[in-house]
1. Viscosity 1.306 mPa s, temperature 10 °C: what is the translational diffusion coefficient of the stretch 5-50 from Stokes-Einstein with a Kirkwood Rh over Cα pairs, rounded to a whole number of µm²/s?
2. Considering the chain, which cysteines have no disulfide-compatible partner, defined as another cysteine with its Cβ under 4.7 Å away?
3. With charges only on Cβ, +1 for K and R and -1 for D and E, what is the dipole size of the chain about its Cα centre, in debye, rounded to 20?
4. Test of understanding: express the Cα radius of gyration of the chain as a ratio to 2.2 N^0.38 Å, with N the residue count.
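No value in this document is a laboratory result; all are computed from the given coordinates. Everything numeric in this text was worked out from a predicted model, so none of it was measured. Here Cβ is always computed from backbone atoms with ideal geometry, including for glycine, and neighbour counts include all displayed protein chains.
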Amino acid sequence: MLDPALFVYAVPIIFAVTGGVMAANRGRNFLLWGFFSAFLPICIMIVWFEKPIKEVKGHFRKCSSCGEWIKWKETSCRYCAATQVSIT
Ligand SMILES: [Zn+2]
């Protein structure tokens, strides 16, 4: 049997990793957001809705036309429908 106390430690670690990775994907500090997400899982939601602070290869980039943040692989902007220059 697994020690139930294990989950007490495992859950914040899962929150920390989830929040940290999402923050990193948005160009933010992995450790800082991971730390806060462990204690305040609401931070994960905050990071989720936050706009990236810089382009992160493979995750987010700026629309070349209107400047809104779109997913890296999107070929056209969801805000202004401008076709994006494809980046590999
Ligand atoms: Zn656009």
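1. Numbers: Rh = 10.0 Å.
Stokes-Einstein gives a translational diffusion coefficient of 159 µm²/s.
2. Lacking a cysteine Cβ partner under 4.7 Å: Cys43.
3. Details: 10 positive and 5 negative charges, 81 e Å.
Here the chain has a charge dipole of around 380 debye.
4. Values: Rg = 16.6 Å, N = 88, 2.2 N^0.38 = 12.1 Å.
In units of the globular-protein estimate, the chain measures up at 1.38.
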